[in-house]
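Working notes, beginning with the structure itself.
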Amino acid sequence: MKRKRLDVHVARLTPEENKRDVEQAVPFSCCQPLTLPGYTRVGLLLVLFLLLGAVLARPAAAATPATVDAGDTAFILVASALVMLMTPGLALFYGGMVRQKNVLSIIVQCLVIVALISVQWVLWGYSLAFGPDHGHLIGDLSWLGFRGVGLEPNAAYAATIPHQVFAMFQLMFAIITPALITGSFAERMRFPAFLFFIVAWATLVYDPLAHWVWGTGGWLRELGALDFAGGTVVHISAGVAGLVCALVLGRRRDYRRRPLPPHNLPMTVLGAALLWFGWFGFNAGSALGANGLAGNAFVTTNTAAGAATLGWLAVEWLRHGKPTALGAASGAVAGLVAITPAAGFVTPLAALVIGSIGGALCCLSVSVAKAKLGYDDSLDAFGCHGVGGTWGAIATGIFATTAVNSAGASGLLYGNPRQLAVQVLGVVAAWAFTAVVTYGILKAISLLTPLRVTAAEEEAGLDLTQHGESAYSDTSLAALDIEPAPAGQGMATRRELAVN
């Protein structure tokens with residue numbers, strides 16, 4: 001049987017011819033070998049060869065270079081701005097609690113810290129904190145001046161955002177941490193001593209501690225300590241340093257001699273609101289991406305702050321008979337502190353427990369422990385941040401669960417008591433290291449310049465004696481007749497006791 005040859009003229013066949021050809025064709029059987037023309041076989045082999053070459057030429061997934069994700073980058077830039085806003089918020093929070101003759105001094109200190117640490121971080125701070133590891137204790141200086149900190153991601157820290165963006169996000173933490181300490185020595189530290197202290201403390205305490213907990217190779221990180229957004233690195237270090245500063249500098253002259261009420265509570269409440277707002281960048285941004293983990297941190301942050309506000313007010317109401325605006329503002333901050341290390345590791349229900357206990361503990365620390373021990377922590381930096389940060393770090397070892405963050409660990413309530421032990425070890429190490437080094441820094445500075453203002457300067461207020469300005473020029477000491485004292489006797493005033 002002879003088949004009709006099919007070629008380019010096949011389109012000219014009549015329908016009857018096409019039908020006849022189909023009927024005369026040999027039926028196909030699955031048992032018969034499929035024979036293909038030579039050029040078809042060659043074509044198929046060529047296609048297979050090209051496909052095989054494409055597969056072999058494709059790089060392995062692990063070798064794929066990290067790429068910048070626009071959404072994650074935008075999210076971290078906004079989070080960085082929110083954390084930066086926390087330091088001005090802290091200036092208002094603290095500024096409202098001091099006496100009016102010292103309000104500018106606390107605001108200037110916060111502003112100057114932004115400038116000082118911004119420079120220190122680029123020059124050497126970031127390299128010490130996050131640079132290549134040395135002995136699991138500190139980074140080296142290979143990233144001095146941001147050399148090697150470029151626009152490509154560093155996969156060891158954040159694989160989807162530029163390295164510089166990660167570094168700037170971490171800068172905002174490095175700024176607010178020493179700013180928190182200022183609340184402990186408010187109204188009595190000389191400005192030159194303050195400048196020396198901030199640079200030395202950031203370099204010798206904050207940077208090493210950040211490397212221990214967050215830096216690649218840091219010994220607490222290698223041990224498995226969990227600190228999502230800075231409970232140990234930020235709050236314990238600032239709170240313990242504040243306690244050491246309060247003890248070394250001594251009490252204010254008027255402490256326990258006369259009432260020292262806040263001069264502007266609305267300012268304090270506004271500052272607390274800005275801190276609460278900025279804290280979403282602090283905690284949610286620590287997920288380092290716009291993802292579900294950031295959402296969980298956002299929820300737990302807000303939940304703990306609300307619970308702590310109620311917890312503080314409950315204790316205050318029971319002890320003193322009235323809930324106060326200052327208590328509500330302080331309680332919110334205490335809850336934000338307590339949830340910081342746990343925000344990305346715990347559930348919202350756990351955040352309720354952490355926040356409510358944190359608020360109550362911090363209230364008792366401020367109203368009971370401080371009064372019995374007699375130290376003058378002016379604005380309760382230790383009472384809120386030292387106590388709240390310690391509780392939060394320990395609570396992380398109790399409530400953490402890998403159901404929230406698979407990159408973390410489960411805590412005591414989820415069958416892992418080891419995590420609680422690791423958290424306690426981290427707390428003890430941070431307390432001891434911070435206390436010893438902070439004390440050494442203060443003693444070294446005291447050999448160069450006096451730490452504390454004179455009695456006359458303290459009475460006149462730091463606004464005038466340290467900065468020559470007044471926040472309220474129409475009602476304050478700026479309207480008084482100020483006379484310079486004889487050399488070596490500091491600032492004297494004819495009517496220095498007329499105000500405050």
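The values are calculated or read from the model by the stated rules, or taken from the named source; none is laboratory data. Because the structure is predicted, anything quoted here is derived from the model rather than measured. Note that each Cβ is placed from the backbone with ideal geometry, even for glycine, and that neighbours are counted across all protein chains shown. What goes into the accessible areas is simple: the full protein's heavy atoms, side chains included, and nothing from ligands, DNA or RNA. Shrake-Rupley method; radii C 1.70, N 1.55, O 1.52, S 1.80 Å.
Comparing segment 253-407 with the 2.2 N^0.38 Å rule of thumb, its C-alpha radius of gyration ratio is 1.07 (two decimals).
Apply the Kirkwood formula to segment 191-296: the hydrodynamic radius equals the inverse of the mean of 1/r over all pairs of different alpha-carbon atoms; give it in Å with one decimal.
Every distinct Cα pair counted, the radius reaches 17.0 Å.
The alpha carbon centroids of segment 69-91 and segment 121-150 are separated by 22 Å. The ellipsoid that matches the Cα gyration tensor of segment 142-189 has semi-axes, each √(5λ) in whole angstrom, of 31, 12, 7, with the longest given first. In this rough spin-label picture, where each label sits 7 Å from Cα along the Cβ direction, the Asp140-Arg319 distance is 5.1 nm. Across segment 192-199, computed HN-Hα scalar couplings (Karplus, 6.51 cos²θ - 1.76 cosθ + 1.60, θ = phi - 60°) run x, 5, 4, 4, 4, 5, 4, 5 Hz from first to last residue, x flagging Gly and Pro. Applied to segment 91-105, the Karplus parametrisation 6.51 cos²θ - 1.76 cosθ + 1.60 on θ = phi - 60° returns per-residue 3J(HN,Hα) values of 4, 6, 4, 6, x, x, 8, 7, 6, 5, 6, 10, 5, 5, 4 Hz, with x for Gly and Pro.
Here the gap between Ala403 and Ala74, fully extended at 0.36 nm per residue and compared with their Cα-Cα distance, gives a gain of 115.7 nm. Between the amide H of Arg452 and those of Arg190, distances stay under 5 Å, these residues lying 5 or more places away or on another chain, with hydrogens modeled in the peptide plane.
When restricted to Cα atoms, segment 90-176 yields an Rg and a Dmax of 16.3, 49 Å, respectively. Need one number: the % of Cα-Cα pairs in segment 311-370 sitting beyond the 18 Å mark. Here the tail beyond 18 Å accounts for 32 percent of pairs. Working note: Karplus 6.51/-1.76/1.60 with θ = phi - 60° gives segment 231-246 the couplings x, 7, 5, 9, 7, 5, 4, 5, x, 5, 4, x, 5, 4, 4, 4 Hz, where Gly and Pro are set to x. Between segment 284-338 and segment 424-457, the C-alpha centres lie 29 angstrom from each other.
Segment 368-401 and segment 165-186 have their alpha-carbon centroids 18 Å apart. Charge tally around Ala210: other residues with Cβ under 14 Å, Lys/Arg +1 each, Asp/Glu -1 each, net -2.
Determine the order of Leu313, Leu90 by accessible area, beginning with the largest, at a probe radius of 1.4 Å. Walk me through the numbers on the way to the answer.
Working: Leu313 35, Leu90 0 Å².
Result of the area sort, largest leading: Leu313, Leu90.
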